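Here's the structure, in structure tokens; my notes come after.
The values are calculated or read from the model by the stated rules, or taken from the named source; none is laboratory data. All values reported here derive from a predicted model rather than from experimental measurement. We place every Cβ from the backbone using ideal geometry, glycine too, and count neighbours over all the protein chains shown.
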Amino acid sequence: MARRHTPRDRHAAPVVADALAGAFLAADDWQPAAMGRMAKRALADRRTWTVAVAEVVVRAYPERPADRPRALAELIAATEPFRRAMADPDRPPRVRTWYAVPTQMGARRWPVPPVDDLAALATRLGVAARHLDWFADRRSYERTAGDERLRHHHRRWMRTASGGVRLIEAPKRELKDLQRQVLHEILDRIPPHPAARGFRPGSSPLAAPDRMPGPASPAPRSTGCGRCCTTPPVRGPPRRTATRTSTSAPICWAASRGWRPPTPCEALGCRPRSRRSSGPMPDRGDRV
């Protein structure tokens, strides 16, 4: 399916690489000749450099990478034919037509349900796509919402034994139900990585260094759950997401942007003063 798109930077390298990735994935056959024809239509450029880029892509991805369009765009942008074409001052590539191709999951190593894109995830969770985007709060609207009914978490401050303060954020019923559905229907079917020692019966994070190769070192601080995305970033799009479940890129994008409460500074912009500093806790009670 083709669609017109007119951004101000249609000649920028990341935009051109994204357009080529969509054109390659929309080709009838995963062969350089067919991929090059689609790329020429997307750019309205009859030069042969797009075929050279397609040849590099096919060597790197012998099978169509429908589950990782962003990784494909990064590969395209790193190829030498693409760089030479972008450096041409007389005829720089320019996006004329965008091709939107649905993403798909890769080969599944465990009996997880197929969730190809965000629409499929919303259908499985029993919510509309717009509601899924609202629960994920990808634009951080929750931190500025004045009405408590628009927030997805109950927040309250607690005193710690050391005299500091700690923000407790508990998901409300609707978000909690969605999280449990994802846990029981998807994540519970995937065994955790052997190096993941926390929150496992009979184990402890203190045992992690003993299972690591090489000399003993402090236990690493994992940034992932060890089951769906091994190293997802906390903020921003997943640039090199290693998904053990072959989850499609849009799902990883949503998971890295949402499904977690914001940090205390993001949520409130400030925090109560601890006992070691002057000033009382907020007089609105412990519920924020």
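Does any residue in region 70-93 that is among the basic types (Lys, Arg) come within less than 9 Å, Cβ to Cβ, of a residue that is surrounded by fewer than 16 Cβ atoms within 10 Å (Cβ to Cβ) and at pLDDT 95 or above six or more places away or on a different chain, and which pairs are these?
Within 9 Å, no pair qualifies.
Name the one entry in 113, 102 that is in contact (Cβ under 8 Å) with a residue 60 or more places away in the chain, surrounded by fewer than 21 Cβ atoms within 10 Å (Cβ to Cβ) and within 30 Å of residue 186 (Cβ to Cβ).
The match here is 113.
Name the helices (runs of 4 or more DSSP H) wholly inside region 47-164 in which the number of residues that are farther than 21 Å from residue 35 by Cβ and not assigned by TED's automatic domain parsing to the domain that holds residue 34 is 1 or more.
So the answer is 118-125, 129-136.
With the requirement that a residue be under 24 Å from the mean Cα position of the chain (by Cα) and aliphatic (A, V, I, L, M), what does region 17-64 give you?
Across region 17-64, the qualifying residues are 17, 19, 20, 21, 23, 25, 26, 57, 60.
In this structure, is residue 21 crowded, with 20+ Cβ neighbours inside 10 Å and either out of contact with any helix residue (DSSP H, G or I) (no Cβ under 6 Å at 6 or more places or on another chain) or farther than 30 Å from residue 130 by Cα (or both)?
No: the conditions fail for residue 21.
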